[in-house]
1. I need the full set of residues from the stretch 84-98 which are in contact with a helix residue (DSSP H, G or I) (Cβ under 6 Å, 6 or more places away or on another chain) and not charged (D, E, K, R), in order please.
2. Among the residues of the stretch 91-100, is any within 29 Å of Thr58 (Cβ to Cβ), part of a loop (DSSP other than H, G, I, E, B) and either open to solvent by 100 Å² or more (accessible area, probe 1.4 Å) or in contact (Cβ under 8 Å) with a residue 60 or more places away in the chain (or both)?
3. Would you tally the residues in the stretch 154-185 being farther than 20 Å from Ser196 by Cβ, buried (at least 17 other Cβ atoms within 10 Å of the Cβ) and free of Cβ contacts under 8 Å to residues at least 24 places away in the same chain?
4. Of the residues in the stretch 166-218, how many are out of contact with any strand residue (DSSP E or B) (no Cβ under 9 Å at 6 or more places or on another chain), part of a loop (DSSP other than H, G, I, E, B) and not small (Gly, Ala, Ser)?
5. Open to solvent by 70 Å² or more (accessible area, probe 1.4 Å), assigned to a strand (DSSP E or B) and modelled with pLDDT under 55: which single residue out of Leu26, Leu18, Leu73 fits that description?
6. Counting only residues that are outside any loop (DSSP other than H, G, I, E, B) and within 15 Å of Gly165 (Cβ to Cβ), which one in the stretch 130-150 is least open to solvent (accessible area, probe 1.4 Å)?
7. Please go through the stretch 113-129 and give me each residue that is at pLDDT below 85 and assigned to a helix (DSSP H, G or I), ordered by number.
8. Go through (1) under 16 Å from Glu90 (Cα atoms); (2) surrounded by 15 or more Cβ atoms within 10 Å (Cβ to Cβ); (3) at pLDDT 50 or above one by one and return the number of the condition Arg56 breaks.
Amino acid sequence: MRLTVFVIQIDCLSDSFLVDDKNLCLVCLDLPDHLMHKNQLQEHTQKLGLPAPVYRSTNEGFPHAPKFRSAVLVDGKEYVSKQMFSHKKEAEQEVAKYAFDCIMRKIKDERCKLIHQDTVFCKSILLEFATKMNLNPPIYTTPPSENPQPVFVSSLVFDGKNYTGEVAKSKKVAEQLVARSAIQSLLGSDAKTVLSDMIKAKRKLHDSLERDVSSSQQRTHGSSSQQQTTNIPVTHAVS
């Protein structure tokens, strides 16, 4: 098998490919991390069906000593790099990294919003995650409260790690809180994508249930108002 090395210009970057003459296929060589940020952002927009990122660079220095600052437009929002570079390509890579980090942080915050506002799904999310990853289910421990007013703090063991939750007024809520602590920790691990997708699915279910409850309340309120209008007493004028 004979391999020939070609250098192809792609998006203003020199990416090396190995061309297999026999099987007529391209094998892209791994690029250093600092050259992958534009590709990473491009792949993200393609995955979501968004227009390709649009870059704009300005020289804030001098012709003989340039200082480039880049901006990139993604999904209608512009991100501007905080640093300046002597080369335009470096500035574009930096702003691509900054934009991608901002977008990922926003996605994470939106998906975590459910578990911050309402912990009712935390135990089920953690259990589904354990099943998906072929891990043993979490083991919860909630000692009985010794205070006059019931106060509960739960702990759990999951995947060899111990987690402790916040104080709650019931055992059920305490277990949901410690499950949330475990989820927040796992979102910083390599399995964050799988867990984020589960949270996203639960959020859709949560929003659907809220819409159903809201519609039911509106129908009930409308029926009640109509009944009150029907039962309003009528006073006739006395001549």
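1. Phe85, Gln93, Ala96
2. no
3. 3
4. 3
5. Leu26 is the lone residue from the list that is open to solvent by 70 Å² or more (accessible area, probe 1.4 Å), assigned to a strand (DSSP E or B) and modelled with pLDDT under 55.
6. Tyr140
7. Across the stretch 113-129, the qualifying residues are Lys113, Leu114, Ile115, His116, Gln117.
8. The number of the failed condition is (2).
The values are calculated or read from the model by the stated rules, or taken from the named source; none is laboratory data. These numbers were taken from a predicted model, which means no experiment stands behind them. Ideal geometry is used to build each Cβ from the backbone, glycine not excepted, and the neighbour counts take in all protein chains shown. For the accessible areas, the whole protein counts, side chains as well, though only heavy atoms, and no ligand, DNA or RNA atoms are used. Shrake-Rupley method; radii C 1.70, N 1.55, O 1.52, S 1.80 Å.
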